[in-house]
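One structure is given here, and the rest of the page talks about it.
Rule-based calculations on the coordinates, nothing more; no lab input. Since this is a predicted model, take the numbers as computed values, not measurements. Here Cβ is always computed from backbone atoms with ideal geometry, including for glycine, and neighbour counts include all displayed protein chains.
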């Protein structure tokens, strides 16, 4: 699976959009981009995933660049409960294993 | 709603003890996983199972074994606990793409 690079930490004001970047320059054609988050003392939580088109669900939006070498997770109206470590993961179709890196520690400030 | 439960949130065991960590999912998922999470190392896959009585080694299986006698239950066994197995243990299940995680068991081996 391709390696991902994320900033170690970010801050965002409550109510604003939080934009979390991820670089995955070695991604191959059949690999998907997944986002999970882990709130303190809890297990990771699935957020969203995509292949090449932008995706949106009730939690977030995922924007993948045309060359697929990077992506951005957008939390449109961040709340204090969104404070967590966010993991960007690249995984091949059918592959079962998730490889978690260090992620981005997002802090939402009041 | 999706649910993965783990038998204990906190566990303290002595070196040399046999330890059982239990995980139950109520989603009729085929696949189940055991990870451990350590500071600076992220989540690492210990074992996974894609069917009843089937198992595959993950990245760090040494010192662990698993059992899957029923579809909903996946057990992690530490045959003889050691201090370097002090960690957060996370169970997950999946059917296709998303993995759903339990709350974790923080195991301390003294």
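Things to note:
- Taking the DSSP beta bridges with both ends in chain A, the antiparallel portion is around 85 percent.
- Computed from the C-beta positions of residue A:65 and residue B:30 and an R0 of 45 Å, the FRET efficiency is 0.85 to the nearest 0.05.
- For chain A, the mean projected area of the C-alpha convex hull, equal to one quarter of the hull surface, is 6.4 nm².
- Percent of Cα-Cα distances greater than 25 Å, calculated over the protein assembly as shown: 41
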